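Notes to accompany the following structure.
The values are calculated or read from the model by the stated rules, or taken from the named source; none is laboratory data. None of these values were measured; they are calculated from a predicted model. Glycine gets a Cβ as well: all are built from the backbone with ideal geometry, and neighbour counts include every protein chain shown. Ligands, DNA and RNA are stripped out before the accessible areas are found, and what is left, the full protein with its side chains, is counted by its heavy atoms. Shrake-Rupley method; radii C 1.70, N 1.55, O 1.52, S 1.80 Å.
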Amino acid sequence: MLIGVPKKTWPGELRAAVVPQNVKKLIGAGFSVAVESGLGVPSGFPDAAYTEAGASVSTDRAGLFGSADVVLRVRKPELSEVSQLKRGSLHISFLDPFNERALIDALAAQEITAISMEMIPRSTRAQKMDALSSQANLAGYVTVIQAAFHCPKIFPMMMTPAGTIAPARVFVIGAGVAGLQAIATAKRLGARVEAFDTRPVVAEQVQSLGGKFVQIDLGDTGQTEQGYAKELTPAQIELQKAGQKKVISQSDVVITTAQLFGRPAPRIVDRDMVEAMQPGSVVIDMAVETGGNVEGSVLDQVVDINGVLVVGQGNLPSQVARNASDMYSNNLFNLLDEFWDKEEKKLELPPDDDIVKSCVITRGGAIVNETIKNL
């Protein structure tokens, strides 16, 4: 069974779907692997490393699509590329299935079995395949590094002959995977860290990392079965804004991580809150790609609002492309390995398997995922 891995074409995308280390593992399991020339160069993996690992390197992108039984990539395919895929093949990538109905319909028409990496369930068994979490972990780290770069203050307390420097105050809104990593990273850099999440159950996790959990009574909130925060009502969002306004005004850095699965990000920081911060303060809007948490943030731009820098960098994992590629490649290998019959040398995706039911979007010429089918 041939695995084909095309190089990225998405602007600003530096990650590789498969790294040489996993090429060796895939070949050892019984697959053959062909990669497009230049696949790993942006993340530090030259073509020679793939050849040494046992992959063939191709310059024929269309030929790669047409011959591969399995296509692995980071981003969703271009709509125009779907017809080039081998009919009946398996395609695995992030697909954004809630917002890409035309793409999903095209994959179904080509009889592609399409797996969306966003839809991997948050279960113990699927943890090793959970690319959303692995990439969010790195994104949380990157937000703090960006904040430290743009902030005119150092993060740690420092005692010097010229006087004592107080630690920077960092406020993280959202304590999911990305938020918890941001808290941990800011704390390691010596900042005074506060955090808020709509799920009171995560307060203990925040405190275990050395952060202070900000209590704001929003009434009934909780989380989904997958561990994601539930969408707030408009009234609850206003309560959250009022409760966090004072903390924001006293912070040197605010990092927002609030996102809703498959929907636009909630607006939780208004412009007046940004304007109330001291000049030189920094706001990192991690949700800028899905609409943004912060009024005034712009994708891939740094906006100056009354001396406060609002950073809207998209595709944060690509800022650490080497590690992001390693982790995403591991996620893909673990997914294939879970369903690979080593004796028969074939992939088995049982329709009644919990992971398969969650992440397989199209199969046999139809949309089979119940959530996407019923949108």
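Quick notes on this structure:
- Looking at Arg322, Arg271, Arg267, just one residue is within 21 Å of Asp197 (Cα to Cα), at pLDDT 95 or above and surrounded by fewer than 23 Cβ atoms within 10 Å (Cβ to Cβ), and that residue is Arg271.
- Any hit, the stretch 102-121, residues being closer than 30 Å to Glu194 by Cα, within 20 Å of the chain's Cα centre (by Cα) and crowded, with 16+ Cβ neighbours inside 10 Å: yes
- Test for Ser43: is it touching a helix residue (DSSP H, G or I) at 6+ places or on another chain (Cβ under 6 Å) and touching a residue at least 12 places away in the same chain (Cβ under 8 Å): yes
- Set Leu335, Leu309, Leu347, Leu316: member being hydrophobic (A, V, I, L, M, F, W, C), touching a strand residue (DSSP E or B) at 6+ places or on another chain (Cβ under 8 Å) and over 19 Å from Val70 (Cα atoms): Leu309
- Positions within the stretch 291-319 being open to solvent by 40 Å² or more (accessible area, probe 1.4 Å) and at positive phi, in sequence order: Gly291, Asp300, Asn306
- Selection of the stretch 28-40 for residues being in contact with a helix residue (DSSP H, G or I) (Cβ under 8 Å, 6 or more places away or on another chain) and touching a residue at least 60 places away in the same chain (Cβ under 8 Å) yields Ala29, Phe31, Gly40.
- Residue, farthest from Thr143 (Cα to Cα), within the stretch 274-290, restricted to residues that are open to solvent by 30 Å² or more (accessible area, probe 1.4 Å) and within 15 Å of the chain's Cα centre (by Cα): Thr290
- The number of residues in the stretch 245-264 being in contact with a helix residue (DSSP H, G or I) (Cβ under 7 Å, 6 or more places away or on another chain), of a type in the set (Val, Ile, Thr) and open to solvent by 10 Å² or more (accessible area, probe 1.4 Å) comes to 1.
- Residues in the stretch 166-220 that are of a type in the set (A, V, I, L, M, F, W, C), within 20 Å of Tyr141 (Cβ to Cβ), open to solvent by 20 Å² or more (accessible area, probe 1.4 Å) and out of contact with any Pro (no Cβ under 8 Å at 6 or more places or on another chain): 3 in all.
- Counting only residues that are over 18 Å from Ala68 (Cα atoms) and in contact with a helix residue (DSSP H, G or I) (Cβ under 9 Å, 6 or more places away or on another chain), the stretch 47-57 holds 4 of them.
- Counted residues, the stretch 326-347 - those being closer than 17 Å to Ser116 by Cα and either open to solvent by less than 40 Å² (accessible area, probe 1.4 Å) or not hydrophobic (A, V, I, L, M, F, W, C) (or both): 13
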